[in-house]
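Undergrad: Can you keep this structure in mind? I'll have questions shortly.
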Amino acid sequence: MLDYWKRLCLVQVRKIDDSLAEAMQRASSPEEWKSQGIKLFWEKNYEMAIMCFEKAGEETWEKRAKASGLRATADSLHGSNSEEARVMLREAAEIFDSIGQADSAAECFCDLGDYERAGRIYLEKCGTSELRKAGECFSLAGRHEKAADVYAKGNLFKECLSACNKGNIFDLGLQYIEYWKQQASHNSLVMTQFKEIDKIAQEFLEKCASECYSRNDHELLMKFVRAFHTMESKRDFLKSLDCLEGLLMLEEESRNFNEAAEIARQLGDILREIDLMEKAKEFEKASLLVISYVLSNSLWASRSEGWPLKSFPEKNRLLMRAISFAQKVSESFHASICAEVDALSHDSNLSELMPCYVASKQYETVIGEILLVRKLLDTHFQVHPAKYGWETESNFDPMLFNEIISRNQVSCGTLIYVWNLWKVRSREIIEYLDSLEKIDFIKCDGIARFCCDYFGVRLLNNLSVTFLLMNPNAAWIRNVDQRFLVRSKSIVTLDARHFSSAARKYWQHELLSSGLRFLEVLQSLYRSSMVKSPSKYYQGICLTSIFDVANFFLGEKSFDIKKGDAWKLGDAVQLSTRYFEIVFPLDFQHSLSENMISLRQTELSKNLLEEIISRNISTRGELTYGQIGRAVMIILGSGKPKSDLFERFAKGVSDNNPWKPFVESLRRKCESKDYFEALSHALGETFYINWRASDYISPNCFFYLVERLLFLLPRSRGFFFTTKSSFVEYLISLESDANPTASLVTDKKFDPSGIINSVFGMIEQCLCDRASTAEWIKKSHIDCKYYFPVLMLRLCVILCLFCLNSVLSIDVVLKHVSVPPIRSQLPREFCEAIFSVRRNKMYVDAIAGALKAIGDPLVIVGLTEKKLEFLCPDAVLVSLRLFSCRNEIMEILFPVQRNVTKASATAPVIMQSPKPTPKTGSKLSSDNFWGHIRELSETIDSIKTRNDVNLKSYVLEKKVLVEEHINFLTAAMSRLTAEEDENTTYINATGMIKQLSDIFSNLSDTSEFDLEASSQFGEYLKRFEAIRPQIDALFMQNDRAIFEGIDKKNDQAISEGIDEKKFSSNEHVAAVNNPTNRAAAESSHGKGKNKKNKKSKKGKGGRGK
């Protein structure tokens, strides 16, 4: 290659020596050295560059190259010899700084970790362009405040706030934010970046607030939150941290009182919530919340077990606030809150509780009503049974209840009334609690509000099924598994399902405990009534209520009833079965109590009687005659029981039992000839068997069934005679809407003689063989001394009805009544009325008078539409065809007292049969006078709507009767006014009687009836009723005079005696109370049997000894 170049003359070959070096040497200029040095510098050949710069005389470049070389060398030594590297690097930094290479110097100082020196270099020597780096260096040096200041100068907002955040100089950052917001209005640069500033500031503030929250510095946290740019951002942030206390404070500061109140609700700070609601002018909500808070704390504060309400320090003040709030809502709301406040504050004093209860009902506040009912019930429990009243009102309405309680008195009726109120409300509460598990939206009004307030729970919101517990330590919460209680800070929540279960369990326990206490009091009252109160109704209402309560709890399977409580309830039901003795008393007169009749018509009475049947027949083996008799007695007296119960009864009667055919007839509901014959046969067979057998039918039960048989027999005539007690028994056995004639048949072909003869024979044997009858009574565990006279009277009454309904002579009745041992057992008035037949009196009138005398009036029952034509003043006439149901008859049999009674022209009327035109000496009485007056009023009203000649004639007949009474009253008043000239009352009564006489004179006796006079008569009667006490007093004086004369005559008639031989030639008289006579009777009468019975029942055990 060299040879080639040589040939081309491109290469010269010379010997290297000094001459060559000299020939080649040429001097370079400083610029060339500098240029070469720069070239080498950028090529990082720092040593050669230093030489070139030295040759060129460039000191600055020389130092720069040296510093750069040191920096490069330091970098290479960093891993192997760090200390030497740092020395070299610091020297390089100082050289850079000395020659004005600020950037390089700062970088070297940064590499050395001397960030503050680097930052100062950037700040002082690099100008605004390097403020970011200066800030970074100060920040790295820990000079966050200096860094923030540097960033702020460069309008580096984000970096500035970041430095404040890193340095925890939050206040400074907040100052910068406020400054930028102020500058935005007149600084165009800041204005253009305002949105970015807002965003950056929000991020900074949130970071600051979060940091404060993590350090638990809530005061500083709220300072930054308040600087958030919107209220929504403040809410969102605080909610994200669950910092509800801070949010509540912020909302209140912002006067967002409703929002603040809602937050206080979530925190469980009820008193604060009340204050905020007041500020928000939500007075209604505030008032209701006060009531809820007071009720809850009155029950559950300080780990209380619940009821009764207790006091706490702030209670009265809070209640006054509730009233104050309510005043600002409305008058009605204020009244209802006042009622609730009264319920929460008053003690258990009856006179104070009653007005509160009335107000609660009036203003429909459920909370007040339930609390007051419970207080009233507790007050009844605290009263000793001896202090209870003995009222006998059957219709115990709210007015009567209010009247008794307002007098600060209690009674069995008020106790039962309050208990029923309590039970009804308690069942509503339990039903509501049950419904909570089935719904996803809960209303807080009425019962719902009561449950929430009582148990101290609140819905977190209207669509939630989660409750906040106001008193997490309340006793009822012990029924909740702790796993289901959700605790968050100071609040505890519970879902609706578990709240429902626990609250229901607690309330059922409350109802059961109060029910057992109620039963204890009621049983004490019943035992006390056995001694102090003769009222069978009072005893009956006690027993039916005992049954109602005990049976209610035993029938509720959801109640957790302990064994001991179950025994108490079972004993209570057993005690209630004594109701049988109340419904079917030994003395039939007791069954005529209107209250008792009303009680027997209730569904509760029927249920108890069915329970009695069930217990009566719940034995193994065949039913005894006593069991069968009691069951049939109830069935005929109150209606057929439920089918399953009746089938149990029918199954217990064996096929060979004489009662089996009749029971089968009852099952078929067929009251045919077979029905009556089966009942008659069963009674006959029962009567003549060995009555000394265990649990034989009692005489009371037996003759009750006899009376029902005689009452139900088909009639050949269109009417029949009975007593009021038997008639009422029949009506009670009917359904309330049943046709009264449904079970009564008119059958001219039916021959009842066989049945009547059979019954007559049994009655005669009881009357004649009185010793056996007495023993039968004793064997039935009945007080013979008390019941024997009752039975004798009962048998005589049946004989009287035989005389009226069949061909039996009145002489039969006279024969038995004339027997001294029998007559001595009968009421004197009864005997006198029967003996009046001997004074040429009609025997119907005599028997009617006798029955009236014993308080069981004669009733003549019409079965057809034909008018009854009887003229019997002491009898009651009833045409059943005029009535559609039993209640209509009951209302007239037991009329409610009214000032003026009016009836429509077509309404059925029950009255005493009208007397004929009175004769001289006819009885003048208050009852007759007012009865004639009312009948006239009713008839005159009918004439106004129906022009009936017969009615007009009837009015004129009545006019004669009334005028006779008016004449008597005029004469009596004349005597009294003459004796008492200055008695204004009698003078006024005289004037009114005179006006009544004038009105009667205007009732024309012609066919043209004066309607104007009739109208005047009806209006006058209303005023005339006002002086009834004075009128009645005049008649009472007259009655005393008449009775004194009658008593003298009757005493004379009785002293003359009755020729007993005339009536008893074929009948032996045995005296129960005379041992000599009894022995003679047994000797001559063959152990109490007549020949007919002895022959027909030979070998059957009989009723003799």
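The values are calculated or read from the model by the stated rules, or taken from the named source; none is laboratory data. Being a predicted model, the structure only gives us computed values, none of them experimental. In this analysis, Cβ positions are derived from the backbone assuming ideal geometry, glycine residues included, and neighbour counts consider all displayed protein chains.
Undergrad: Would a scan of region 392-407 turn up a residue that is over 24 Å from residue 362 (Cβ atoms), in contact with a helix residue (DSSP H, G or I) (Cβ under 9 Å, 6 or more places away or on another chain), at pLDDT 85 or above and not in a helix (DSSP H, G or I)? Steps first, answer last, please.
TA: Quick first cut of region 392-407, residues over 24 Å from residue 362 (Cβ atoms) only: 392, 394.
Checking which are in contact with a helix residue (DSSP H, G or I) (Cβ under 9 Å, 6 or more places away or on another chain) leaves us with 392, 394.
Cutting the leftovers down to at pLDDT 85 or above gives us none.
Within region 392-407, not a single residue is over 24 Å from residue 362 (Cβ atoms), in contact with a helix residue (DSSP H, G or I) (Cβ under 9 Å, 6 or more places away or on another chain), at pLDDT 85 or above and not in a helix (DSSP H, G or I).
Undergrad: Kindly provide the set of residues from region 759-816 that are touching a residue at least 24 places away in the same chain (Cβ under 8 Å) and small (Gly, Ala, Ser), ordered by number.
TA: If the condition is that a residue be touching a residue at least 24 places away in the same chain (Cβ under 8 Å) and small (Gly, Ala, Ser), then 761, 771, 772, 774, 780, 806 are the ones that fit.
Undergrad: Could I ask something else about it? Among 876, 837, 861, which is of a type in the set (A, V, I, L, M, F, W, C) and in a helix (DSSP H, G or I)?
TA: Working: 876 fails: in a helix (DSSP H, G or I); 861 fails: in a helix (DSSP H, G or I).
Only one candidate passes the filter, namely 837.
Undergrad: Does residue 159 meet the test of being without any contact (Cβ under 8 Å) to a residue 24 or more places away in the chain, assigned to a helix (DSSP H, G or I) and either assigned by TED's automatic domain parsing to the domain that holds residue 208 or over 30 Å from residue 219 (Cα atoms) (or both)? Spell out how you get there, then give the answer.
TA: Values: without any contact (Cβ under 8 Å) to a residue 24 or more places away in the chain: no; assigned to a helix (DSSP H, G or I): yes; either assigned by TED's automatic domain parsing to the domain that holds residue 208 or over 30 Å from residue 219 (Cα atoms) (or both): yes.
Here the answer is no, as residue 159 does not meet what is asked.
Undergrad: Out of everything in region 552-596 that is assigned to a helix (DSSP H, G or I), without any contact (Cβ under 8 Å) to a residue 60 or more places away in the chain and among the hydroxyl-bearing types (Ser, Thr, Tyr), what residue ends up being surrounded by the fewest Cβ atoms within 10 Å (Cβ to Cβ)?
TA: Step one: list which residues in region 552-596 are assigned to a helix (DSSP H, G or I), which gives 552-555, 563-576, 579-583, 588-592, 594-596.
Retained after the next criterion (residues that are without any contact (Cβ under 8 Å) to a residue 60 or more places away in the chain): 553-555, 563-576, 579-583, 590.
Among the residues that remain, those that are also among the hydroxyl-bearing types (Ser, Thr, Tyr) are: 576, 579.
Details: 576: 26, 579: 24.
The extreme case among them is 579.
Undergrad: Separate question: Just the residues that are among the charged types (D, E, K, R) and assigned to a helix (DSSP H, G or I), please, taken from region 56-69. It would help to see each step written out before you state the result.
TA: Filtering region 56-69 down to residues among the charged types (D, E, K, R) leaves 58-59, 62-64, 66.
Within region 56-69, 59, 62, 63, 64, 66 meet the criteria.
Undergrad: Do we have residue 789 as surrounded by fewer than 17 Cβ atoms within 10 Å (Cβ to Cβ) and closer than 28 Å to residue 691 by Cβ here?
TA: yes
Undergrad: Could you please find all residues in region 796-843 being among the β-branched types (Val, Ile, Thr) and under 18 Å from residue 725 (Cα atoms)?
TA: Those that are among the β-branched types (Val, Ile, Thr) and under 18 Å from residue 725 (Cα atoms): 797, 798.
Undergrad: With under 18 Å from residue 178 (Cβ atoms), outside the structural domain of residue 286 (by TED's automatic domain parsing), crowded, with 18+ Cβ neighbours inside 10 Å and at pLDDT 85 or above as the only criterion, which of 222, 249 stands out? Even if it seems obvious, please write down each step before you answer.
TA: On the way: 249 fails: under 18 Å from residue 178 (Cβ atoms).
One residue alone meets the criteria, 222.
Undergrad: I'd like the full set of residues that are part of a loop (DSSP other than H, G, I, E, B) and surrounded by fewer than 18 Cβ atoms within 10 Å (Cβ to Cβ), limited to region 227-240.
TA: Correct list: 229, 230.
Undergrad: Does region 266-278 contain any residue that is basic (Lys, Arg), touching an Asp or Glu at 6+ places or on another chain (Cβ under 7 Å) and at negative phi?
TA: Step one: filter region 266-278 for residues basic (Lys, Arg), giving 272.
From what's left, touching an Asp or Glu at 6+ places or on another chain (Cβ under 7 Å): none.
Among the residues of region 266-278, not one is basic (Lys, Arg), touching an Asp or Glu at 6+ places or on another chain (Cβ under 7 Å) and at negative phi, which makes the answer no.
Undergrad: If you scan region 70-125, which residues turn out to be surrounded by 16 or more Cβ atoms within 10 Å (Cβ to Cβ) and not in a helix (DSSP H, G or I)?
TA: 99, 101, 114
Undergrad: Here is a further query. So, residue 265, is that one farther than 28 Å from residue 174 by Cβ, in contact (Cβ under 8 Å) with a residue 60 or more places away in the chain and of a type outside the set (Gly, Ala, Ser) or not?
TA: yes
Undergrad: Might you let me know whether region 900-907 holds any residue that is modelled with pLDDT of 70 or more and either in contact with a Lys or Arg (Cβ under 9 Å, 6 or more places away or on another chain) or not in a loop (DSSP other than H, G, I, E, B) (or both)?
TA: No, region 900-907 contains no residue that is modelled with pLDDT of 70 or more and either in contact with a Lys or Arg (Cβ under 9 Å, 6 or more places away or on another chain) or not in a loop (DSSP other than H, G, I, E, B) (or both).
Undergrad: Can you name every residue in region 261-273 that is closer than 26 Å to residue 503 by Cα and either part of a loop (DSSP other than H, G, I, E, B) or of a type in the set (A, V, I, L, M, F, W, C) (or both)? If you could, list the steps in order and put the result at the bottom.
TA: Start the filter on region 261-273 by keeping residues that are closer than 26 Å to residue 503 by Cα, which leaves 262, 264-271, 273.
If the condition is that a residue be closer than 26 Å to residue 503 by Cα and either part of a loop (DSSP other than H, G, I, E, B) or of a type in the set (A, V, I, L, M, F, W, C) (or both), then 264, 267, 268, 269, 270, 271 are the ones that fit.
Undergrad: Quickly run through region 717-751 and pick out the residues that are farther than 30 Å from residue 603 by Cβ and surrounded by 14 or more Cβ atoms within 10 Å (Cβ to Cβ).
TA: Correct list: 718, 719, 720, 721, 746, 750.
Undergrad: If you go through region 846-874 one residue at a time, how many are of a type in the set (D, E, K, R) and out of contact with any strand residue (DSSP E or B) (no Cβ under 9 Å at 6 or more places or on another chain)? Steps first, answer last, please.
TA: The initial filter retains those residues of region 846-874 that are of a type in the set (D, E, K, R), namely 852, 856, 865-867, 869, 874.
With out of contact with any strand residue (DSSP E or B) (no Cβ under 9 Å at 6 or more places or on another chain) added as a condition, the list becomes 869.
Looking only at that region, the number is 1.
Undergrad: Could you tell me which of the residues 79, 57, 37, 69 is closer than 26 Å to residue 103 by Cβ, of a type outside the set (Lys, Arg) and modelled with pLDDT under 80? Walk me through how you get there before you give the answer.
TA: Values: 57 fails: modelled with pLDDT under 80; 37 fails: modelled with pLDDT under 80; 69 fails: modelled with pLDDT under 80.
Just one listed residue meets the conditions, 79.
Undergrad: I'm told residue 786 meets every condition in (1) more than 54 Å from the chain's Cα centre (by Cα); (2) farther than 20 Å from residue 858 by Cα except one. Can you identify the failing condition by its number?
TA: Single failed check for residue 786: (1).
Undergrad: Right, something else. On the given criteria, is residue 818 in contact with an Asp or Glu (Cβ under 6 Å, 6 or more places away or on another chain), more than 30 Å from residue 603 (Cβ to Cβ) and of a type in the set (S, T, N, Q)?
TA: Details: in contact with an Asp or Glu (Cβ under 6 Å, 6 or more places away or on another chain): yes; more than 30 Å from residue 603 (Cβ to Cβ): yes; of a type in the set (S, T, N, Q): yes.
In short, yes.
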